[in-house]
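The structure appears below as structure tokens.
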Amino acid sequence: MKLDDDGSGNLSFDEFLKGYYPEQSKADLAAMSQWAYPHKDKSMVTFVGKQSAIDEDQLMEIKNIFLLYDTNGDGVLDRAELTDALTASGYEEEEIDSLFEECDNDGSNAVDFDEFVNMLQGAYM
């Protein structure tokens, strides 16, 4: 599955939503984007090259992605939530298990927001 539709090397939030929810209509995807970013006309999550720091806009966008994955609203991603999210993004079960084990630094059997940010930094930044 190709997520970067425009080939820019950047993954926009709209492209992310389209990949995560492939069966949704354009109107539904636009509504989700507007819900996540009510004050922005065009929302982008940009993971380019290797960066050592995340700016405030990127952190806010990552938080919104985390909240989409946290379907039960408990503030952490359990294995099932991470599996659902990453399976929809094209990851295989063994890749997800490996990521989960690497990310769960505190051994809580859940990925908190800081662990999620570290995972994304390791994978995309």
Inset, instruction - Can you confirm whether region 93-112 contains a residue that is within 11 Å of the chain's Cα centre (by Cα), in contact (Cβ under 8 Å) with a residue 24 or more places away in the chain and surrounded by fewer than 18 Cβ atoms within 10 Å (Cβ to Cβ)? - result: no
Inset, instruction - Select, from 46, 71, the only residue that is modelled with pLDDT of 80 or more and either more than 17 Å from residue 118 (Cα to Cα) or open to solvent by 30 Å² or more (accessible area, probe 1.4 Å) (or both). - result: 71
Inset, instruction - Output the qualifying pairs, or none if there are none: Cβ atoms under 8 angstrom, residues six or more apart or on different chains, first residue in region 3-32 and under 17 Å from residue 90 (Cβ atoms) and open to solvent by 60 Å² or more (accessible area, probe 1.4 Å), second residue among the aliphatic types (A, V, I, L, M) and in a loop (DSSP other than H, G, I, E, B). - result: 18/3; 22/1
Legend entry - Cross-chain or 6+ apart pairs with Cβ under 6 Å, region 69-90 first and touching a residue at least 60 places away in the same chain (Cβ under 8 Å), then open to solvent by 40 Å² or more (accessible area, probe 1.4 Å): 90/1
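The values are calculated or read from the model by the stated rules, or taken from the named source; none is laboratory data. All figures in this text were calculated on a predicted structure; none of them were measured in a lab. Every residue, glycine as well, gets a Cβ built from its backbone with ideal geometry; the counts of neighbours run over all protein chains shown. Just the protein is used for accessible areas: all its heavy atoms, side chains included, with ligands, DNA and RNA removed. Shrake-Rupley method; radii C 1.70, N 1.55, O 1.52, S 1.80 Å.
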